[in-house]
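These notes concern the structure reproduced below.
The values are calculated or read from the model by the stated rules, or taken from the named source; none is laboratory data. Source: prediction; values computed, not measured. Note that we place each Cβ from the backbone using ideal geometry, even for glycine, and neighbour counts take in every protein chain shown. Note: accessible area is taken over every heavy atom of the protein model, side chains too, but ligands, DNA and RNA are not part of it. Shrake-Rupley method; radii C 1.70, N 1.55, O 1.52, S 1.80 Å.
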Amino acid sequence: MGWVANRWTGVAAAIWIQWSCGASYTFSIYSSVLKSTQGYDQSTLDTVSVFKDIGANFGVLSGLLYSAVTPYTRRHDVPGSPSKSKWTSLAGPWVVLAAGAIQCFAGFIFIWAAVVGLISPPPVPVMCFFAWLASNGQTFLNTTNVVTGLRNFPEYSGTIIGIMKGFLGLSGAILIQIYHTFFDGDPATYLLMLALLPPFICLLLMFLLRIYEVHGSDYKKHLDGFSVVTVIIVAYLMFIIVLQNVVSFPYWGRMFAFVILMVLLASPFGIAFKAHWEESRKFAQSYTIERGSSTNKGTSSSNYSPPVDEVEYHELPSDEGQVQVTSDDVLPREEEKNILQAMCTVDFWMLFVTMISGLGSGLATINNMSQIGQSLGYSTIEINNMVSLWSMWNFLGRFGGGHVSDYIMHRKGWPRPLLMAATLGIMVLGHLTIASGFRGTLYVGPVLVGICYGAHWSLMPTITSEIFGVKHMGTIFNTVAAASPLGSYILSVRVVGYIYDKQADKADNSCFGNDCFMLSFFILAGVAFIAFLVVKNGSTTLFFNLFSLYTYLYLFLSHYSSIIFIICFPSRKTHPNLFITFMICFSSEISLECVVSFHSGGRQRRHDPLRIVVAEARALSGGGSKSATLFARRMEFAKSKWVSTVASIWIQCTSGSLYTFSIYSQTLKSTQHYDQSTLDIVSVSKDIGANVGVVSGLLYDFLARRTTATGPWLVHFLGSAQCFLGYFLMWAAVSALLPPLPVPFMCLFMFLAAHAQSYFNTSNVVTGVHNFPNYSGTIVGIMKGFLGLSGAILIQVYQTIFNNKPKSYLLMLALLPPINTLLLMWFVRIHNTHEREERKYLNIFSLMALVVAAYLMVVIILENILSLQSLVHIFIFVVLMMLLASLSCIAFVAHEKSSSRNSESFMDEGSRLIVEPSPLHTTEKVDARQDSLNNQRNNLQLGENLNLLQAMQTVNFWIMFISTACGMGSGLATVNNLGQIGESLGYTSHETGSLVSLWSIWNFLGRFGAGYVSDYYLHTRRWARPLFMVITLMIMSIGHVVIASGLPGALYAGSILVGICYGSQWSLMPTITSEIFGVGNMGSIFNTISIASPVGSYIFSVKVVGYIYDKEASEGNTCIGAHCFMFSFLIMASATILGSLTALGLFLRTKNFYSQVIVRRIQLIQ
């Protein structure tokens, strides 16, 4: 009987039950016939599918039943024994399996009867109940197989759960192969097959599933054998599916492929027989060892000694340097918890929220696969192949998630939640790929979504068993799984179904084209990204809550290491940098003590009850030490100021959405029925929001004084929230999801969206000045330059994905900048370090900025001459992304060069040890220079760190305010009205778009060039920076006159002059502010001066340009001809001349200060 009933045949039987019970993943096969025979629209069909998802994921009943009929015995209490009796070991699993088989049969048989007409069409609630009943049987089968497998193989829970969940995900492809072989083109009969086949297999094999508390020494080898077979099966199925998509199989070909599949599926029984035979040979020895261990009670935390063969997993290599683990080191929170106790923990709800987003968006994808394929013009066989391939990816995710998480935990000691965060990030990319709607993306996107969706089904039960224990695992993980249908209902019915029905033809409830699902999958991507942030931020807590547990396991599962360690965490509030510090200590090849500073309760303490025991063991190969050293170097690079600079640049590249107002201004004007003055009022609200950055400046200054790491990212986070809220509400109003709004509400939305830029800009610019104080002009020019260039970059994204769809562009603005910022904001921080070759690498950054600008200029010119195809736009966009990505290479080289000059490893805030050798004579020399410098600055009363109120009491502050109002105000009035100016002068919409893109180029050149050139002349010729304000404002007045002439091509030439000079103000003003008023409160001061920009914009846009345009316009609120804007631009030319004269006064007032203080400071540093 042992050859038939053992834990290995139990695995094979569970595999067969798993591959037959995943009918819920083939809903797309019979959804069309269900929709047509029952007369459902898309929302009703999605409602039925949601109840299917509820049934497939609401497994609390199955978990409670399993816990009730299968009593739990701790394996360390009575090792080597089965459960309390043979009856309980036999009865538990088969009772749950029998209940699931009955539900599966009852549910599908009633659905089949309704479809074929044996019963009259039931009401929707009754059909929902049938769908729930059929799929709820899956939870009974799945719970039994997963929990039984975990009890039989507890040391490799991730691997066994991955195998079980993998075959469940693979079941869709296997069932579809049976469908193609016997019932091709007859989905009604397929429903009958689902009612018969899974219950039959379950009832046939359920008595082989038992719980065995016997733990062999080398069963991982046989589990790997099962894993290899699963990979072979998935490769075979993938090959068959691809072949079926290319070649039309005859009946005998389908039958032959099916027979081979059945042979492969039978191979797990061969592995099971071989594994049992090998275990039987060692049974006597293992039995003797286990009997001895059960009678010898030690003083260690474990109640039995493992077999000799298991010593390498459960003991340290030798007594020398061995670290003893007492019962105090095992955290009480890892005790067995029931469902109510688990629900009172934060970890439970973290998993729940993650499952709502990750699993819910995945289910919404597979449930609508058929309709997505139909809307995009895919054939029926292609759609069926996609569903089958989804099962492949689902399987790979389930199988790989468990196997990979086991590997990284056993080999590296990394907690499993890290892998969960990675899968959510990849899922975001998958949803965005499907949303693009390009031909073939429906094959690529589901690959990413399917793998990541499947990985959650392996990771979630495994993490649940490790956090809350195995005793009530069935109930707890099925309760967490209830988040899946909840997310499916929200995303399938309330998002996908609702938007599809809005887009569908009312006659036949069908929709064709990219618009049917594009918005839905953008929303799904946003939801998955939110889950990624929850895991990424929340997993800091979850990570360190689990870290002590995983470290404890890692000690006994590691085969090699040059350092052996135990970490005991007395507090759950551990500083995030602690892990970095620990890894750097681990990388050392000699015995050492690590003194760690960490935050607890808001105060920094040293030598807290945190205990780090580091003992040197026998040196094996040094491999672990090298990998840890490499890890530490990578983390040091990630925290360098060069990476901070690159992250700031990338954030700046998506922050300048206000410069593309002309792209969607006409849509805003037509949908909201605005005249030109009203539209200009809305645009002024945008300018006010983008330039009233006093709040962001005060917030940054307040936080920067307390910590160099928290300040920048918190400011970025608040900016991301405002950007999303403002643009999303505007998009909802333009798309008629909201009723027409009063003008003040639209102004508020525009203010919120644009006000986010001040948060991004303040954080990036001021952080850059702190990191490179000696080259403030250059770094401000780079940051402001890429901000100006962002308009052209965003327009390239628009033309690649949403060409001539300004409504979709508004939605993109609501998603892209916040997502980009949230991903990169963690790298932006202040570094109080100075390096010798800063100028060299800043020049390389500047060169790359010019390359990007030149590339964009060439692209814009080509787009204006030629009609480019979509593939060409995609190629252009990819090249642009590669150019921007190359900035990270520059950062890497700069950091490596800097690191090679240092002889010590630096650590900051618990992650680096600070060693600063400073010879006495050098210190005295620097102090003498500083005293001399301070005396001169005190005499001039300039350059001190003035606060905002002190700065406002100076004449220089108000001179800069007036000059900014004239220069920036007239520049904003120009760009805000480029669309209307081009229309009045007879330019096409494509030419107008090119003007807006080229404006971004000129804006970039001005921002970048003014900082770089002013730095150059200050360092070499000692020219004060205010002189460049005088020059640029004078040139701007010439640009206004050129536009006012209205001559052919004058709009191109004039916008070049105005754009360059406008951009230069944004580099010169912050840099001059930092030099005159100091860096300490630079954020609040330069943002207060920036208020002059919207003030000037309101005066020039509304009271000058808008007023004169409306006077000249006809009854349709349109004006054609050069006279529409001529007088307006002559007025603005006069205003910029006034600004140039006031800037001349600032130059005369500060000329001596620059020559005696700023220039001397540069000379002393050099």
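Checking the a/c ratio against 1.5 first, then a/b against b/c, what shape does the Cα gyration tensor give for region 784-867?
Judged from the Cα gyration tensor, region 784-867 comes out oblate (a/c at least 1.5, b/c at or above a/b).
Peptides 514-527, 436-449: what's the order by average Cβ count within 10 Å, highest mean first? Write out the running numbers ahead of the final one.
Values: 514-527: 22.8, 436-449: 18.7.
Result, highest mean first: 514-527, 436-449.
Close amide H contacts of Ser510 (hydrogens built in the peptide plane, cut-off under 5 Å, sequence separation of 5 or more or a different chain): Asp505. For the listed peptides 7-15, 859-867, a ranking on the average number of other beta carbons within 10 Å per residue, highest first, reads 7-15, 859-867.
Couplings 3J(HN,Hα) of region 744-750, computed from phi: x, 5, 5, 5, 5, 4, 5 Hz, in residue order, whole Hz [Karplus 6.51 cos²θ - 1.76 cosθ + 1.60, θ = phi - 60°; x for Gly and Pro].
If you take every residue apart from Ser1064 with its C-beta less than 14 Å away from the C-beta of Ser1064, what net charge results, scoring Lys and Arg +1 and Asp and Glu -1? Overall, the nearby charge balance is +2. Calculated accessible area for region 1025-1111 comes out at 26 Å² per residue, all protein chains present (probe 1.4 Å; ligands, DNA, RNA ignored).
Surface composition of region 99-211: carbon plus sulfur atoms contribute 77% of the solvent-accessible area (1.4 Å probe, protein chains only, all chains present). Between Arg411 and Leu725, the C-beta separation translates, for a Förster distance of 51 Å, into a calculated FRET efficiency of about 0.70.
For region 982-1118, the fraction of 1.4 Å probe accessible surface lying on carbon and sulfur atoms is 64 percent.
The apolar share of the surface of region 1-70, taken as the fraction of accessible area on carbon and sulfur atoms (1.4 Å probe, ligands and nucleic acids excluded), comes to 71 percent.
Sorting the segments 17-27, 491-501 by their mean number of nearby beta carbons within 10 angstrom, highest to lowest, gives 17-27, 491-501. Other residues within the sphere of radius under 12 Å centred on the Cβ of Thr44, judged by their own Cβ, net out at -2 (K and R +1, D and E -1). Quick one: grab the alpha carbon gyration tensor of region 166-259, order the square roots of its eigenvalues as a ≥ b ≥ c, and give me rounded if a/c is under 1.5, else prolate or oblate depending on whether a/b is larger than b/c. It comes out oblate by the Cα gyration axes.
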